[in-house]
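Input: a single structure, listed below in structure tokens.
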Amino acid sequence: MRENQITHKEILTLFNIKNIDYEWSFNKYKPSDTGKWTHNYHRYPAKFIPQLVEKLIDEYVTSREAHINDPFYGCGTTIVTAISRGFKASGTDINRIAYLMTKVKSTPIEPTYLNEKINQFLLTIKCLESNQKTLFHLRDVEPLIPEKHIERINYWFTEENKIELGKILRIIYEEDDGRIRDFLLVAFSHILKNCSIWLQGSTKPTRDLKKKPARPYEALKRHLKKMEVGNNVFYKIVPKEVRDNLNKYLNIKIGDARHQPVPDDSVDLIVTSSPYVTSYEYADLHQLSTIWLDLADDLTDYKKEFIGTSYKKYENKRLRSRLAMDIVNKMTDRNRKMAKEIEAFFIDMEGVFDESYRILKHGGRCCYVIGNTRLKGVDVLNAEVFAESLQYSGFKLDKIIKREIPSKILPQKRDEKTGRFASNDNANSEAYPVEYIVIGLKE
Ligand SMILES: C[S@@+](CC[C@H](N)C(=O)[O-])C[C@H]1O[C@@H](n2cnc3c(N)ncnc32)[C@H](O)[C@@H]1O
């Protein structure tokens, strides 16, 4: 425990009297601003907006050679922003599709070259469309459909789209340039939802048997053109030194947030938003990409690696935070299983805070973006717990910012029974109308 630690009671008071800081609302920004550069390559649940990361960097980074880290990089908002400023960027995410997205979004490609490659690719796959009369010979392409996931693929895709997607995938894997191949794979992954019978507008995996899925060729063409525009602007923004030596600047891994791929005392600023307990099962939400790109052998084992999953509980570990213990105790009276899930979540997060402390330089800060909620009648005060737990890891509680939630992809309602986010009218519990940035300082 730190000397002069703010007690859990004082933390509760601090949060109670906190007013919203409207400077952090970013209300005036349009989707074209929040989706600028490569930020619109792929949808991602609960991503934050680049303007928030930019403002934190403006506020706290003084060195021109800074190193920024995100232990839960998701679709890479922090990583892309750091690279755009010429800083080193590192981090982890356990989600394999997040890694692909973040790598591609942080890799600017020379615009003329990319244009040639996209046109060449589109020309090749145009011949695949079953209704297409072209001057080209239809290539006898064997669809690449991951056999071990065939049941799931059949569940989500019409026969026609399955075959066309399989052929497109085979052609993507024939591309020799790894950067272009990954760029095409991200586009492919993004269109899967539209090309399937996944209920449009729903983040959760729900089938819509009446849906008329988009055709892959058209969807891919449209999205690739959009990505190309984003790449070209990003290419101009990223300093030449970084473009030419990307390996030196970009250090992202698929892995657990408690093991960052960087030495002790080496990071200037951490900007991140953690997963929430029992909210999104990221492994489920990205299952279309996971099955097509064959990213996990066993979906259930894969899910257990995620923090905040309902597939986890600990028997022999104890929480440090008093506030977390109180929440777990209250929940135990209502629902034992959910209490164990919340406990596991806070224990895991304590490990992440320890790791943040290890990697930061003295004088460096970690900024955790997090909201509170109410589950089964119990207030789950994530932000207050984070504030308390950061101190147990050695941090000084430096600042708490309370902000309105912008138009990020976060449904405002929860299903009371399951505690999961829901976008339908059955949901009757408020999720996160405001959120906090909890900032710890390593003195
Ligand atoms: C709220 S999202 C982060 C979104 C990110 N800020 C963005 O802008 O895209 C939380 C992330 O935590 C990741 N995650 C869950 N468990 C993890 C673990 N054990 N280690 C690392 N990342 C994990 C999820 O895959 C998800 O991408």
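The values are calculated or read from the model by the stated rules, or taken from the named source; none is laboratory data. This one's a predicted model, so the numbers in the text were calculated from it and none came from an experiment. Cβ atoms come from the backbone with ideal geometry, glycine included; neighbour counts cover every protein chain shown.
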(message) With the condition being under 22 Å from the mean Cα position of the chain (by Cα), within 19 Å of residue 46 (Cα to Cα) and within 16 Å of the ligand (Cβ to nearest atom), I'd like the helices (runs of 4 or more DSSP H) fully within region 225-289 carrying at least 2 qualifying residues.
(response) 282-285
(message) Just checking, does region 214-223 include any residue being crowded, with 17+ Cβ neighbours inside 10 Å and in a loop (DSSP other than H, G, I, E, B)?
(response) yes
(message) When you scan region 11-19, do you find a residue that is within 14 Å of the ligand (Cβ to nearest atom) and either within 20 Å of residue 369 (Cα to Cα) or not assigned by TED's automatic domain parsing to the domain that holds residue 394 (or both), even just one?
(response) no
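Report yes if residue 334 is of a type in the set (Lys, Arg) and closer than 17 Å to residue 353 by Cβ, otherwise no. Outline the logic, then answer.
Working: of a type in the set (Lys, Arg): yes; closer than 17 Å to residue 353 by Cβ: no.
Taking the combined requirement at face value, the residue does not satisfy it.
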(message) I'd like the full set of residues that are of a type in the set (Val, Ile, Thr) and over 14 Å from residue 155 (Cα atoms), limited to region 182-222.
(response) 186, 191, 203
(request) Name the residue, out of 337, 317, 312, that is surrounded by fewer than 16 Cβ atoms within 10 Å (Cβ to Cβ) and part of a loop (DSSP other than H, G, I, E, B). (result) 317
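Filter region 75-105 down to the residues that are among the basic types (Lys, Arg) and closer than 20 Å to residue 228 by Cα, then identify the one that is farthest from the ligand (Cβ to nearest atom). I'd like the intermediate steps shown before the answer.
First, the residues of region 75-105 that are among the basic types (Lys, Arg): 85, 88, 96, 103, 105.
With the extra rule that they be closer than 20 Å to residue 228 by Cα, the set shrinks to 103, 105.
Working: 103: 13, 105: 10 Å.
Checking each candidate, the answer is 103.
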(message) If I ask for residues that are among the β-branched types (Val, Ile, Thr) and either surrounded by 22 or more Cβ atoms within 10 Å (Cβ to Cβ) or in contact with a strand residue (DSSP E or B) (Cβ under 8 Å, 6 or more places away or on another chain) (or both), which ones from region 267-307 would you list?
(response) 267, 270, 271, 272, 277, 278, 290, 291, 307
(message) If I ask for residues that are of a type in the set (Val, Ile, Thr) and in contact (Cβ under 8 Å) with a residue 40 or more places away in the chain, which ones from region 84-123 would you list?
(response) 92, 94, 97, 102, 104, 107, 109, 118
(request) Show the residue pairs that are 6+ apart or on different chains and have beta-carbon atoms under 8 Å apart, the first residue being within region 223-242 and without any contact (Cβ under 8 Å) to a residue 60 or more places away in the chain and outside the structural domain of residue 81 (by TED's automatic domain parsing), the second being surrounded by 19 or more Cβ atoms within 10 Å (Cβ to Cβ) and of a type outside the set (Val, Ile, Thr). (result) 223/187; 223/190
(request) Could you tell me which numbered condition residue 368 fails, if it satisfies all but one of (1) within 23 Å of residue 93 (Cα to Cα); (2) in a helix (DSSP H, G or I)? (result) (2)
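Determine whether residue 196 is more than 29 Å from residue 246 (Cα to Cα) and crowded, with 16+ Cβ neighbours inside 10 Å.
Here the answer is yes, as residue 196 does meet what is asked.
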(request) Scan region 94-119 for residues that are closer than 12 Å to residue 250 by Cβ and either charged (D, E, K, R) or touching a Pro at 6+ places or on another chain (Cβ under 8 Å) (or both) and report the count. (result) 2
(request) Please go through region 57-74 and pick out each residue that is touching a Ser or Thr at 6+ places or on another chain (Cβ under 9 Å) and more than 9 Å from the ligand (Cβ to nearest atom). (result) 57, 67, 68, 69
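If you go through region 370-396 one residue at a time, how many are among the hydrophobic types (A, V, I, L, M, F, W, C) and closer than 17 Å to residue 354 by Cα? Steps first, please.
Of the residues in region 370-396, the ones among the hydrophobic types (A, V, I, L, M, F, W, C) are 370, 375, 378, 380-381, 383, 385-387, 390, 395.
Subset that is closer than 17 Å to residue 354 by Cα: 383, 385-387, 390, 395.
Total meeting the criteria: 6.
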(message) Against the condition at pLDDT 95 or above and surrounded by 24 or more Cβ atoms within 10 Å (Cβ to Cβ), how does residue 83 come out, does it pass?
(response) yes
